[in-house]
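Here, each number is a calculation from the coordinates, and none is a lab measurement. Bear in mind the structure is a predicted one, so any value in this text is a computation, not a measurement. Cβ placement follows ideal geometry from the backbone for every residue including glycine, while neighbour counts extend to all protein chains displayed.
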Amino acid sequence: MSIRRRLSPEESRAQALEAARALLIEAGPQAVTLKAVAARVGRTHANLLHHFGSASGLQKELARHLAQTVCDSIGEAVRATRAGIGSPREVVDLTFDAFGREGGGALASWMLASGNEDALDPIVETIHALVHDLRPNEVHGETELTMHENTFTLVLLALGDALLGEAMAESLSVKRSVARDRAEEMLVAAFRKAYGVEA
């Protein structure tokens, strides 16, 4: 008989968030419940209530977890682009994938529809911190505003594409990649202006 190692509170929360993320990707945001996550990780409903307080708390922490994971990847891609070894398209693809196939868009819209008005706060806060961290040291006024505007536009394009992209592309008979292509053009111009990078 094997003895199961007792997890620290941090390990238990991390395990629950990874299980919630898997459920989100596999079955959609409505599947991310305390009961389903508890069953997935072999814990009790009460254990998850202790860590997250409610289903809404779990979903908000999942949004924060997704945002941090995605922003870490985007930050690496931006730094690589600045160094001349990455591309703005990588930044675009990571952002669109986070909201699309990783389920971030569906989770955010479902949380908003179910009355969790502050659902996007963790995503917005994390992206804002990323933009602040990635700005050039000499950034000022107009360049900083442009970076924020580009981040805003990129996130809205990615969120819209996740929720409506396939249906809209089919309805208008355009390639599904159009939104990503436009976002890439925007970032190429932004990197060139802000960092002197030729992408």
The range 39-88 and the range 168-195 have their Cα centres apart by a whole-number Å value of 25
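Could you work out the helix-only [θ] at 222 nm for the chain, with each DSSP H run of four or more residues adding -39,500 (n - 2.57) and the total divided by the number of residues, to the nearest 500 deg cm²/dmol? Don't jump to the answer; show the numbers that get you there.
Working: 10 runs with 144 residues, N = 199.
About -23500 deg cm²/dmol.
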Rounded to one decimal in nm, the spacing of the 7 Å Cα→Cβ label points at Thr146 and Lys35 is 5.4
Largest fluctuation, Ser109, Ser173, Ser73 only, Gaussian network model of the chain with Cα springs under 10 angstrom, belongs to Ser173
For the chain, longest principal axis from Cα atoms; helix 104-113 axis from its Cα atoms; angle between them, nearest 10 degrees, is 70
The FRET efficiency for Ser177 and Glu125, from their Cβ-Cβ distance with R0 = 22 Å and rounded to 0.05, is 0.15
In debye to the nearest 20, the charge dipole size for the chain, taken about the Cα centre with +1 at each Lys and Arg Cβ and -1 at each Asp and Glu Cβ, equals 840
Computed over the range 7-53, the Cα gyration tensor eigenvalues, each multiplied by 5 and square-rooted, give semi-axes in Å (largest first) of 17, 11, 8
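Pairwise over distinct Cα atoms, reciprocal of the mean inverse distance: report the Kirkwood radius of the chain in Å, one decimal place. Don't skip to the answer; put the middle values down first.
Working: mean 1/r = 0.0550 Å⁻¹.
Radius from the Kirkwood sum: 18.2 Å.
For the range 1-89, what is the Kirkwood estimate of the hydrodynamic radius, computed as the reciprocal of the mean inverse distance between distinct Cα atoms, to one decimal in Å? Present the calculation step by step, with values, prior to reporting the outcome.
Numbers: mean 1/r = 0.0686 Å⁻¹.
This gives a value of 14.6 Å.
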Filtered hits (lysines, Cα-Cα < 20 Å from Lys35, offset >= 8 within chain) -> Lys60
Expressed as a whole-number percentage, the relative contact order of the chain with C-alpha contacts under 8 angstrom and at least six residues apart is 21
Two pseudo-spin positions, 7 Å from Cα along C-beta at Ala14 and at Glu117, lie apart in nanometres by 3.6
Simple spin-label estimate for Ala46/Asp97, 7 Å along Cα→Cβ, in nm, reads 4.2
